[in-house]
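Everything on this sheet refers to the single structure shown next.
None of the figures in this text is laboratory data; all of them are computed from the coordinates on show. Since the structure is predicted, the reported quantities are computational estimates derived from the model, not experimental observations. Here the Cβ positions follow ideal geometry from the backbone for every residue, glycine too, while neighbour counts run over all protein chains shown.
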């Protein structure tokens, strides 16, 4: 996923000389090509995330379109005031690229559990949030963010590189079952688990992938959910402030008066004391394909 | 440009007027930074700022709470009309108590401290990258230098030899509730800047000519410049000088008249 993102960035930087990459001493094996090809548009600012985001804002003032890269837990929370004041208040097209999301780095302990980043960022006006699920979606996400001159956060988990389907839009149905009233909505790394659940599950259900989770379009969601009555959001983010929470708010405002049952599968409101890899936490919080499949089976009664 | 204090007190009278009329705060900080801002604006090509040319010099007031001083200076340099200035700190205006980029010719919104230096560093990098030979002036408060992000920016600016950055410190030695040296001393500020790799100067921050000449001198520097301008918070009005209450309090009618009389002397 990271490689694909940086390859795409490299291509775009060749086409557009306003693009500038800043890193906070992260990206070994990822950024060297860009550094060599565009020495005037690459800078490692050191382990100084607040400064990186402030510098990005200054680069916008000088006519550049910067990308800021480090792992998400260092980027979002450490530089939050700079993201708010220097980027969002000015509506500067700074793209924050955060990796190691969810429990990708769960073995490194609770400081590296990136399960609250969407919540932190989504409260800010102007900013867009992308959570690409596959290599294919990275290209689509890139085009969407380049075509929109807004601040953006791209949440790059380890993802499901090899998923075999072709996306057409930034958000779309992966599986559409006409025999079920159950809809699974997911994004990023968790999409692969949902697709695998669909494969092994006896019960049929639909899957909608949201590579873009902010802003949400009420018409889009209205169209997507109209054929279903049970909606399950599966994500590696805490319930109170992830996509589940955003969709809950949206559902209240739907003109459609239909009643929906609405569920989330994901981590609880907690920084886990235990360490573990992403698979360990997926198992613990019911996000493995077999657990998802049995949850859906129970829903079907 | 030689003598300056007539101008400075003229500016202070305007600052006093708008702050008194609006019953706003931060008069002490606005009074201490007057000569610094005036010297900076005198050092740049105002026409390029008016035209928003890419190669205009950028001026950032990182200590955004001294907004009243900046607005008055913008007005004096033909960058803000009287009507806009009069709307300072009133409902529906964009001229708030902290500077914002919603005001024409203000490069960046500030008000949370410790942001201006990073943004200025980014601008300086961008200008260098585009081979544009303009400078970035950033005015910071001494209390603001407690914020660690400043030192991240200074380290990077020095590492990259950003000689197009000029940092001016309004060194009024007072923080929010007392003397800075009693809260968390900056010790030898000049030495700190030098140690970080900047060319540092110390000047009388109420001598506009000295600030102006130092800025001029620094234009040929191979390193980023820091100019520590020693100032007095509340400068120009005896009962406001070095008294922290004027970080917060607006003047009463009686205080306004007294202050006005002092600033009108000579």
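Annotations
- Relative to the longest principal axis of the Cα atoms of chain A, the long axis of helix A:135-147 makes an angle of roughly 60 degrees.
- Fewest-first sequence of B:36, A:221 by Cβ atoms within 10 Å of each Cβ: A:221, B:36
- Alpha carbon centroid spacing (whole Å) that separates the range A:227-248 from the range A:46-101: 27 Å
- Taking a ≥ b ≥ c as the square roots of the eigenvalues of the Cα gyration tensor, the range A:171-300 is oblate, since a/c reaches 1.5 or more and a/b is not larger than b/c.
- In terms of packing, defined here as the mean over residues of other Cβ atoms within 10 angstrom, the peptides B:121-129, A:49-57, A:22-30 line up highest first as A:49-57, B:121-129, A:22-30.
- Shape of the range B:52-125, Cα gyration tensor, a/c cut at 1.5: oblate
- In chain A, the calculated helix contribution to ellipticity at 222 nm averages -10000 deg cm²/dmol per residue, counting -39,500 (n - 2.57) for every DSSP H run with n ≥ 4.
- Considering helices alone, the calculated mean residue ellipticity of chain B at 222 nm is -12500 deg cm²/dmol, with DSSP H runs of length four and up weighted by -39500 (n - 2.57) and normalised per residue.
- Residue A:262-residue B:90 FRET efficiency (beta carbon distance; Förster radius 56 Å; 0.05 resolution): 0.75
- Counting Cβ atoms of other protein chains within 10 Å of each residue's Cβ and taking the mean over peptide A:78-85 gives 3.
- Taking only the C-alpha atoms of the protein assembly as shown, Rg followed by Dmax gives 27.2, 93 Å.
- Between helix B:148-159 and chain B: long-axis angle, C-alpha atoms, 0 to 90°, nearest 10: 40 degrees
- This ranking places B:142, A:245 by how few other beta-carbon atoms lie within 10 Å of each, fewest first, which gives A:245, B:142.
- Gyration tensor verdict on the range A:2-156 (Cα atoms; rounded if a/c is under 1.5, prolate if a/b is larger than b/c, oblate otherwise): rounded
- Whole-number D in µm² s⁻¹ for chain A, Kirkwood Cα-pair radius fed into Stokes-Einstein, 37 °C, 0.692 mPa s: 168 µm²/s
- With a 10 Å cut-off around each Cβ of B:109-118, the average count of Cβ atoms from other chains is 5.
- Against chain A, whose longest principal axis is taken from its Cα atoms, helix A:2-15 shows a tilt of about 50°.
- Counting only other chain Cβ atoms within 10 Å of each residue's Cβ, the peptide B:153-160 averages 3.
- Note: relative contact order over chain A, using C-alpha pairs below 8 Å and six or more positions apart, is 16 percent.
- By other beta-carbon atoms within 10 Å, ranking B:88, A:165, B:212 with the fewest at the front produces A:165, B:212, B:88.
- Inter-label distance for residue A:200 and residue B:46, nm, one decimal - labels placed 7 Å from Cα along Cα-to-Cβ: 7.4 nm
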